């Protein structure tokens, strides 16, 4: 499958491991580790920068190429070695970047909890998709530019994330100015450890699903509903607030207003709209859905919530289907009809 740089997340807007499988596709805990490319980068020997870099590049060639071409595109990479190594030396010696990386090291001094979260999710991934190989995990320093991405790492999927964009309230993200809404309050709320594994595994599921099968809102809603359903299967202990990225108050609002929201979609033909602006408001992060005519307290991306409920009900009623059947079920309209989903009354 062609890999996309999904969510060059903040422009919106790890040693290669060979994980061993047991007979029931369980991954050995000892083999699940994160390649700390960020730590290795800042430990380069600036007095012997070329030799030091070449060792790093030889270990992780695919990731190094993406990192220095897309994430931190230093001048001269692969074209002017003198310029590149001067740029690289300056980058890893920059006192402000070192300060931020030190903050990352303090906050993520032990990634065992994160690795355990990935381990559980990957074990479930291999049970649901036994034909797949476990992805390789990387952390990297992006200077607050790209939060996470997926790429082809040899014959595996590589999943990478930038820890400085998961520091939670330890870092004042609102002080950063990258244009657009990258560091808006409703987005920054999820830049923490609790959301890290979900956000990274989401990349793999997105890539597995591919693009929506049509250009209507219902197609995007069902695609995202499938994504959330599969993520829940990968991470069954995840809370709905983390899975759907809502606050508890927003979850309460959605639950209390399910019927009214459903009626609003029908009355305003939102299920079948092909208006890109409306579809984005229904399925992409936002502070609320007021621009669509919904109440101010309504959260953003309500279409994903409804899509998830529809898909979950569809799978409940069709117990003989597995997740691959769900992925290959392309008719969004028929899926919604066969789900017989009924919104909850107050």
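The values are calculated or read from the model by the stated rules, or taken from the named source; none is laboratory data. Since the structure is predicted, the reported quantities are computational estimates derived from the model, not experimental observations. Glycine gets a Cβ as well: all are built from the backbone with ideal geometry, and neighbour counts include every protein chain shown.
Observations
- Here the helices (runs of 4 or more DSSP H) wholly within segment 231-346 that include at least 3 residues being at pLDDT 95 or above and within 24 Å of residue 207 (Cα to Cα) are 240-243, 276-283, 302-317, 323-328, 332-339.
- Test result for residue 147, assigned by TED's automatic domain parsing to the domain that holds residue 98 and over 19 Å from residue 102 (Cα atoms): no
- Breaking point among (1) over 19 Å from residue 198 (Cβ atoms); (2) buried (at least 20 other Cβ atoms within 10 Å of the Cβ); (3) at pLDDT 95 or above, for residue 183: (3)
- Some residue of segment 64-85 being modelled with pLDDT of 95 or more, touching a strand residue (DSSP E or B) at 6+ places or on another chain (Cβ under 6 Å), under 28 Å from residue 131 (Cβ atoms) and crowded, with 18+ Cβ neighbours inside 10 Å: yes
- Picking from residues in segment 19-44 that are assigned to a helix (DSSP H, G or I) and modelled with pLDDT of 50 or more, the one that is surrounded by the most Cβ atoms within 10 Å (Cβ to Cβ) is 38.
- Residue among 143, 220 that is more than 18 Å from residue 32 (Cα to Cα), buried (at least 23 other Cβ atoms within 10 Å of the Cβ) and in contact with a helix residue (DSSP H, G or I) (Cβ under 7 Å, 6 or more places away or on another chain): 220
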